[in-house]
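What follows is calculated from the coordinates using simple rules that are stated; it is not laboratory data. The structure presented is a predicted model; accordingly, all values stated were derived computationally and were not measured. Heads up, the Cβs are rebuilt from the backbone with ideal geometry, glycines too, and the neighbour counts pull from every protein chain shown.
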Amino acid sequence: LFQTDFVWSLIIEMVSLSGIVFLAHRLSNEINKLDTIENVNRAIGLENPAIAVSAAQDQIHAEITRSRHYNRPLSLVIYDISGQIAPEGIKASQDEFYKSLVSCFTQTRVSQVVAKELRAMDLILTDRKQQRLILVCPEIDRQAVHQLVEHLDATIQRELGLQLNSVSASFPEDGFTFDGLWDRANNALDRKEVSVQSFLVAKSERQFSNQ
């Protein structure tokens, strides 16, 4: 009788876990179907000051055109959100679901913290597919944007406990169009991520060899 009860309890537990994984997978799919970060945050009840890059093309064009016409500086800052991973204990079957939620929540919280430090004229944008947060800062030159990034990095670390990879690109030194600045910054961010990954791999190999 004891063995029968034990078997049935295992079956019930397995069915319950399977149901949770199935629901998590469905929720992840539904989140990924939402086409903008605004819709994602509306669905999970968060207020995000950032708007999708695709929805801000007119504002981006107006700012870069003004900078070029009046020969005024403009800087772009990109933060990578994709480095956030599931904590220990999260099963592989739940990983996709967890990453979707973590990405949305992290982008929103970082946007909220950053928004408090920026001016009304600055644009806070998001690229959900690449999981990157983009800041467009008119009247900020290369020297000033480095100071701004240092301040924002320290604020994000203090408020959220996060250390995010970030890069910047400035008009006119790094490009004359938004696409040019975007490509310059994204390429620098990709190189930075590869460098960090190589460092972590080398560090892991050294620790292993010393054991």
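Tabulated data
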read-out: Segment residue 68-residue 183, extension gain: residue separation times 0.36 nm, minus the distance between their alpha carbons; value: 39.6 nm
read-out: Cα gyration tensor shape of region 122-189, rounded if a/c is under 1.5, else prolate or oblate by comparing a/b with b/c; value: oblate
read-out: Relative packing of peptides 140-146, 75-81 - highest average C-beta neighbours within 10 Å first; value: 75-81, 140-146
read-out: Spin-label proximity, residue 143 to region 166-194 - amide N less than 20 Å from point 7 Å beyond Cα toward beta carbon; value: 168-175
read-out: Projected label distance in nm at residue 116 and residue 52, using a 7 Å step from Cα toward the beta-carbon; value: 2.9 nm
